[in-house]
Amino acid sequence: MAVFDLDMIKSVYARMPERVAAARKATGKPLTLAEKILYSHLCEGAATKAYSRGVDYVDFAPDRVAMQDATAQMALLQFMSAGRPQVAVPSTVHCDHLIQAKVGATEDLKIATDKNKEVYDFLASVSNKYGIGFWKAGAGIIHQVVIENYAFPGGMMIGTDSHTPNAGGLGMVAIGVGGADACDVMAGLAWELKMPKLIGVKLTGKLKGWASAKDVILEVAGQLTVKGGTGAIVEYIGKGADALSATGKGTICNMGAEIGATTSLFGYDKKMASYLKATGRAKVASLANGIKDLLRPDQECIDNPELYYDQVIEINLSRLEPRINGPFTPDLAWPLSKFAKAVIKNKWPQKLDVGLIGSCTNSSYEDMTRAASIASQAAAKNIKAKAEFTITPGSELVRFTAERDGILSKFDAIGGVVLANACGPCIGQWARHGAEKGERNSIITSFNRNFAKRADGNPNTHAFVASPEIVTAFAIAGDLTFNPAKDFLTNENGEQVKLENPFGVELPPLGFDVKDAGYQKPKKDGSKVKVAVNPKSDRLQLLEPFKAWEGTDLKGLKLLIKAKGKCTTDHISMAGPWLKFRGHLDNISNNLLIGAINFANGKANSVKNQLTGQYGEVPTVQRAYKAAGVGSIVIGDENYGEGSSREHAAMEPRHLGVRAIIVRSFARIHETNLKKQGMLGLTFANPADYDKIQEDDSLDILGLTTFTEGVPLTLVANHKDGSKDEIKLNHTYNASQIGWFKAGSALNLIAAEAAKH
């Protein structure tokens, strides 16, 4: 297969020397790798000033966009409204989220293909029309496919999935975003991001024994916690970093999302060059070798990291012990030697029900071989897995090659079941028999997240995270108190046997091979391609442009809900069974704020309809307001909209007629998403004013006719008893974003501009 987007990569590398030089001059100091890549991708071109980390918002020009099927639907529906004939940057769609794991790869894929045909056909046709590469169901998990085909050292990409940072394993700044951001970049707009802070992780020594790359990030998560990386890029440096395989580096970067990091990355080295060559990209490796010093942090940053990073962590890989993290959170890290005692002390279910390996985090050829080496030992020593055991290859390239090399048969020999090349149980797409009973049980996975209910919907499933080889060993033992580094097992002959250290192969000795990788190339000219959406479909719906601002202040608005406490994007727009409606804005809007707690009664999905005086479900009440031509306001607490970056949480209130979201504070991505949909995202100048809003208030927003950057607006809360409060509202809208509000959405402006040409 030809190298994808080689001319684009050449262009990035051609401009990099000049831009890195300009960045050094602007900052007056040596540069980390993250800084080299960020400053090389400024929309303005060569840097003329230094940007303050954690302070300045900066416009970037990413090289490419990747979308998984669940988020691509709304992203592409929005893009279709932009009036552009083709995407402005190389983009891809990957069908990996909608395949449910139930029986095994062949049958599960067939069921998903039939069940999701309408969505797959839509995504394929839109991709064909607008010049987007399409990877069909079964081709593999988005992040594994990206690192095999698209990631390149020194590049910058965004992807509509939080684990997009996986591409950092090939030295790329790769950041997870919402579909609205993806739409903007595909339409040729700048992408805005606050200049990240930098965390340096210096790795020394070399992994040995049962320790693996997965244990590096499990240890980092234990140190930093799920919030420790927020607003920062984690950059791995040192000789220990260079010793890790490219896919091992990818594992570490992938799970960096679990510490809240903007992204993670490694500097270019020989391991990356070898992986590029093995995956058919020798030309990219050659180009990278030509500017290799620019694809690594400056030596001063490695020698004295405390001078150039905001925080520094050092880990000696030679002393690193395998970790098992959990349950219920990915940052609760237990060394293998202490895990058995923790299981007993905390009374976690000792019996292991299921071990699951694979996912976008750990499904490379190396991962498969290390796990298979344990399975092979067990089979030779007459042991079969006591727990249920599933294997998820990351891509068809990996699966086909692993089958050819006899790796998959080693899992089969101990009772393992190979699932489809898809996300499956990792994102809750797991039809686990008996999960509905809610029984206490334990599972262990090589996935990245282990929140309650995530894998199987059962809040009592204790999920632990470890490396594929540790998971395999635990599945064989069927017991969480087993320590594969020192304990013995009893085989089927009653003999005591011990597992030796795992052994893996980074790259297939016979090379990678595949019959059908699952890629569909788009037409060069898609102008005649018809994208058909059945108007009676309950899964897909073409978007209607949102109405422009009417040019007046907003008066007589009703309070829809005053959300109490934590209100994440899951509270605003739940996933789970609603996943199937991700391409149908009206249908998915029936989950609007159904998880938010109403301050007035302490209940979820129960708010007062001021038109009738009766209580009803949030979407029902809001639809009543919309039908009556009455606007409304949502009031929120601190960090409103944290969590997933899904744009549905901003589009649903906009679609149903909510005019403003007023909160104590916003999560940054959600605030941006609201702005792009033409919503007013405002904050109380005095957070205590949240308490002044009453259930029966009639609300006015004043100052919109002179809406200006840096000038607050006013909220008038007209109370039922005739009194009123005037409340100062702050905002972060700049001139361009005010233009989005006035036009009705950012997309409306894009479409209007496109219509001129």
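With the requirement that a residue be of a type outside the set (S, T, N, Q), within 21 Å of VAL145 (Cα to Cα) and open to solvent by 10 Å² or more (accessible area, probe 1.4 Å), what does the range 108-119 give you? Within the range 108-119, LEU109, LYS110 meet the criteria.
Residues to consider are ASN483, ASN493; find the one that is touching a residue at least 60 places away in the same chain (Cβ under 8 Å), open to solvent by 30 Å² or more (accessible area, probe 1.4 Å) and either part of a loop (DSSP other than H, G, I, E, B) or of a type in the set (Asp, Glu) (or both). So that I can check it myself, show each step before the final result.
Numbers: ASN483 fails: open to solvent by 30 Å² or more (accessible area, probe 1.4 Å).
Result: ASN493 is the single residue among ASN483, ASN493 that is touching a residue at least 60 places away in the same chain (Cβ under 8 Å), open to solvent by 30 Å² or more (accessible area, probe 1.4 Å) and either part of a loop (DSSP other than H, G, I, E, B) or of a type in the set (Asp, Glu) (or both).
This table checks each residue for (1) in contact with a helix residue (DSSP H, G or I) (Cβ under 7 Å, 6 or more places away or on another chain); (2) part of a strand (DSSP E or B); (3) closer than 30 Å to GLY602 by Cα.
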{"position": "ASP525", "(1), (2), (3)": "no, no, no"}
{"position": "ASN534", "(1), (2), (3)": "no, no, no"}
{"position": "SER537", "(1), (2), (3)": "yes, no, no"}
{"position": "GLU544", "(1), (2), (3)": "no, no, no"}
{"position": "LYS547", "(1), (2), (3)": "no, no, no"}
{"position": "GLU550", "(1), (2), (3)": "no, no, no"}
{"position": "LEU560", "(1), (2), (3)": "yes, yes, yes"}
{"position": "LYS566", "(1), (2), (3)": "no, no, yes"}
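The condition (being in contact (Cβ under 8 Å) with a residue 12 or more places away in the chain and within 20 Å of GLN541 (Cβ to Cβ)) is satisfied by just one residue among VAL607, VAL658, VAL621: VAL658.
Please tell me if SER52 is more than 22 Å from the chain's Cα centre (by Cα), open to solvent by 50 Å² or more (accessible area, probe 1.4 Å) and of a type in the set (Ser, Thr, Tyr). If you could, list the steps in order and put the result at the bottom.
Numbers: more than 22 Å from the chain's Cα centre (by Cα): yes; open to solvent by 50 Å² or more (accessible area, probe 1.4 Å): yes; of a type in the set (Ser, Thr, Tyr): yes.
Criteria met by SER52.
Checking ARG659 against (1) open to solvent by 20 Å² or more (accessible area, probe 1.4 Å); (2) within 27 Å of THR71 (Cα to Cα); (3) assigned to a loop (DSSP other than H, G, I, E, B): exactly one of these is not met. Which one? Every listed condition holds for ARG659 apart from (3).
Residues are listed down the side, and each one gets a yes or a no for (1) buried (at least 24 other Cβ atoms within 10 Å of the Cβ); (2) under 24 Å from TYR275 (Cβ atoms):
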position: PRO90; (1), (2): no, yes
position: THR106; (1), (2): no, no
position: LYS129; (1), (2): no, no
position: TRP135; (1), (2): yes, yes
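Of all residues in the range 609-649 being open to solvent by 40 Å² or more (accessible area, probe 1.4 Å) and not in a loop (DSSP other than H, G, I, E, B), which is farthest from VAL716 (Cα to Cα)? Step through it out loud before you land on a result.
Quick first cut of the range 609-649, residues open to solvent by 40 Å² or more (accessible area, probe 1.4 Å) only: 610-612, 614-615, 617, 620, 623, 626-629, 638-639, 642-644.
With not in a loop (DSSP other than H, G, I, E, B) added as a condition, the list becomes 615, 620, 623, 626-627.
On the way: TYR615: 24, THR620: 26, ARG623: 24, LYS626: 21, ALA627: 24 Å.
This residue is THR620.
Can we say ILE147 is open to solvent by less than 10 Å² (accessible area, probe 1.4 Å), part of a strand (DSSP E or B) and within 18 Å of ASN448 (Cβ to Cβ)? No. With the requirement that a residue be part of a strand (DSSP E or B), in contact with a helix residue (DSSP H, G or I) (Cβ under 8 Å, 6 or more places away or on another chain), open to solvent by 20 Å² or more (accessible area, probe 1.4 Å) and not charged (D, E, K, R), what does the range 277-332 give you? Those that are part of a strand (DSSP E or B), in contact with a helix residue (DSSP H, G or I) (Cβ under 8 Å, 6 or more places away or on another chain), open to solvent by 20 Å² or more (accessible area, probe 1.4 Å) and not charged (D, E, K, R): VAL312, ASN316. Here the range 662-676 is the region considered, the condition is being open to solvent by 30 Å² or more (accessible area, probe 1.4 Å) and in a loop (DSSP other than H, G, I, E, B), and the residue that is modelled with the lowest pLDDT is SER665. Only residues that are out of contact with any Leu (no Cβ under 8 Å at 6 or more places or on another chain), open to solvent by 10 Å² or more (accessible area, probe 1.4 Å) and under 24 Å from ILE141 (Cβ atoms) were counted in the range 259-272, giving 2. Of the residues making up the range 717-739, those that are more than 37 Å from the chain's Cα centre (by Cα), over 14 Å from ASP691 (Cα atoms) and open to solvent by less than 40 Å² (accessible area, probe 1.4 Å) number 0. Candidates in the range 704-716 are the residues that are in contact (Cβ under 8 Å) with a residue 24 or more places away in the chain and surrounded by fewer than 16 Cβ atoms within 10 Å (Cβ to Cβ); of these, the one that is nearest to LYS562 (Cα to Cα) is PRO712. Within the range 159-214, if we keep just the residues that are of a type in the set (Val, Ile, Thr) and more than 24 Å from ILE302 (Cα to Cα), the residue that is surrounded by the fewest Cβ atoms within 10 Å (Cβ to Cβ) turns out to be VAL185. Screening the range 341-371 for residues that are touching a residue at least 40 places away in the same chain (Cβ under 8 Å), touching a strand residue (DSSP E or B) at 6+ places or on another chain (Cβ under 9 Å) and assigned to a helix (DSSP H, G or I) and picking the one that is most open to solvent (accessible area, probe 1.4 Å) gives ASP367.
Taking the stated definitions as given, is ALA221 in contact with a helix residue (DSSP H, G or I) (Cβ under 8 Å, 6 or more places away or on another chain) and crowded, with 24+ Cβ neighbours inside 10 Å? Reasoning before the result, please.
Working: in contact with a helix residue (DSSP H, G or I) (Cβ under 8 Å, 6 or more places away or on another chain): yes; crowded, with 24+ Cβ neighbours inside 10 Å: yes.
Yes: the conditions hold for ALA221.
Scanning the range 327-362 for residues that are modelled with pLDDT under 95 and among the aromatic types (Phe, Trp, Tyr) returns a single hit, PHE328. Looking at the structure I just gave you, is GLU469 surrounded by fewer than 23 Cβ atoms within 10 Å (Cβ to Cβ), on the phi < 0 side of the Ramachandran plot and not in a strand (DSSP E or B)? No: the conditions fail for GLU469.
Between a first residue in the range 73-93 that is closer than 19 Å to ILE142 by Cβ and touching a residue at least 40 places away in the same chain (Cβ under 8 Å) and a second residue that is open to solvent by 20 Å² or more (accessible area, probe 1.4 Å) and charged (D, E, K, R), which pairs have beta carbons less than 6 Å apart while being 6 or more apart in sequence or on different chains? Between residues of the range 73-93 that are closer than 19 Å to ILE142 by Cβ and touching a residue at least 40 places away in the same chain (Cβ under 8 Å) and residues that are open to solvent by 20 Å² or more (accessible area, probe 1.4 Å) and charged (D, E, K, R), the close pairs are PRO90/ASP5.
When ARG582 is tested against (1) in contact (Cβ under 8 Å) with a residue 12 or more places away in the chain; (2) open to solvent by 20 Å² or more (accessible area, probe 1.4 Å); (3) out of contact with any strand residue (DSSP E or B) (no Cβ under 8 Å at 6 or more places or on another chain); (4) farther than 25 Å from GLU638 by Cα, exactly one condition is not met: (2).
For the range 60-90, residues that are of a type in the set (S, T, N, Q) and assigned to a loop (DSSP other than H, G, I, E, B) total 2.
Annotation note: Cβ proximity below 9 Å between a residue of the range 504-524 that is under 17 Å from ALA371 (Cα atoms) and a residue that is among the aromatic types (Phe, Trp, Tyr) and open to solvent by less than 80 Å² (accessible area, probe 1.4 Å) (sequence gap 6+ or interchain) occurs for GLY504/TYR365; VAL505/TYR365; GLU506/TYR275; GLU506/TYR365; LEU507/TYR275; LEU507/TYR365; PRO508/TYR365. Scanning the range 672-696 for residues that are under 20 Å from the mean Cα position of the chain (by Cα) and under 21 Å from PHE599 (Cβ atoms) yields a single hit, LEU674.
The values are calculated or read from the model by the stated rules, or taken from the named source; none is laboratory data. Quick caveat: nothing in here was measured; it's all calculated off a predicted structure. Neighbour counts are summed over all protein chains in view; Cβ atoms, including those assigned to glycine, are modelled from backbone coordinates with ideal geometry. Areas reflect the complete protein model, heavy atoms only, side chains present, ligands, DNA and RNA absent. Shrake-Rupley method; radii C 1.70, N 1.55, O 1.52, S 1.80 Å.
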